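This report refers to the structure that appears directly beneath it.
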Amino acid sequence: MYDLHNHLLPGIDDGAPNIETGLDLEKIAIDDGITHMVCTPHIHPGRYDNNIATIQVALQEFRSALQQNNLNLKAAAAAEVRIGPEIINAVKTQTLPFLGEWQTSTVLLLELPSNIIPVGSDNLTKWLLSQGITPIIAHPERNLAIINNPGKLKPFLDQGCLLQITGGALTGNFGQSTKAIAQQLLIENKVTIMATDAHNIKYRPPQLTNSLQTATELIGENATKKLVLDNPIEMTKNIF
């Protein structure tokens, strides 16, 4: 399996605090059947001021530790980018780390706030698409505005934005309302990627097996396989 959203790079956001924890998380991922990971630390101006340079330094440290510990897992890096006007300048200065490619367009993992969809968000995603950048919205099932009104996703989907859901949401790890939205999005065939969004060992580990079982019950084995293998392979074919 491929995991295209997680916070395992050490010490640069609210994920793994150090390389030792990052390696422990990688061992959990490997045991769960994950073979490839694109690590996606936060870029959130004023809170997590990461950039391509800081992410690459952490990735190289991580890759070296994987090799030294004989852990058979391929690691790359992008970012989970908080939606905001700063994105426009970052695109113009070519300082955004992209998740991969989808149908000749580059892919940006885009994070909404947890409780609202900021006014003008659809204008920003429309602009990104005009620049040849396809936003894939991270964990929309955990956004309170979408939980209260799933129709708020329609403008983004109509534009051509993609969706990534969190595996743990399917199994109820984030509450029943989030579970219901995640399952609804799956059944309606609106999800392109399922990922772990792993942050820590106890509460949010890098595991997908239980989520795969739930997804398979909802949409079948072939459709589930697309979420963690076929689509991620296509999206990251120029990364790994």
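The values are calculated or read from the model by the stated rules, or taken from the named source; none is laboratory data. Remember, it's a predicted structure, so these values are computed and weren't measured experimentally. Reconstructed Cβ throughout: ideal geometry from the backbone, glycine too, with neighbour counts over all protein chains shown. Ligands, DNA and RNA are stripped out before the accessible areas are found, and what is left, the full protein with its side chains, is counted by its heavy atoms. Shrake-Rupley method; radii C 1.70, N 1.55, O 1.52, S 1.80 Å.
Values for this structure:
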item	result
Hits in region 100-139 (condition: touching an Asp or Glu at 6+ places or on another chain (Cβ under 8 Å) and assigned to a loop (DSSP other than H, G, I, E, B))	His139
Unique residue being in contact with a Pro (Cβ under 9 Å, 6 or more places away or on another chain) and open to solvent by less than 10 Å² (accessible area, probe 1.4 Å) when the list is Ile43, Ile52, Ile34	Ile34
Residue satisfying all of: in region 140-161; part of a helix (DSSP H, G or I) and of a type in the set (S, T, N, Q); least open to solvent (accessible area, probe 1.4 Å) among these	Gln159
Hits in region 63-83 - residues which are open to solvent by 10 Å² or more (accessible area, probe 1.4 Å), of a type outside the set (Lys, Arg) and within 30 Å of Pro118 (Cβ to Cβ)	Ala77, Ile83
Check on Glu101, open to solvent by 70 Å² or more (accessible area, probe 1.4 Å) and free of Cβ contacts under 8 Å to residues at least 40 places away in the same chain	no
Residue ID - most open to solvent (accessible area, probe 1.4 Å), chosen from residues in region 181-209 that are out of contact with any helix residue (DSSP H, G or I) (no Cβ under 7 Å at 6 or more places or on another chain), assigned to a loop (DSSP other than H, G, I, E, B) and over 23 Å from Asp14 (Cβ atoms)	Asn189
Selection from region 66-94 of residues that are in a loop (DSSP other than H, G, I, E, B), more than 29 Å from Glu20 (Cα to Cα) and in contact (Cβ under 8 Å) with a residue 24 or more places away in the chain	Ile83, Gly84, Pro85
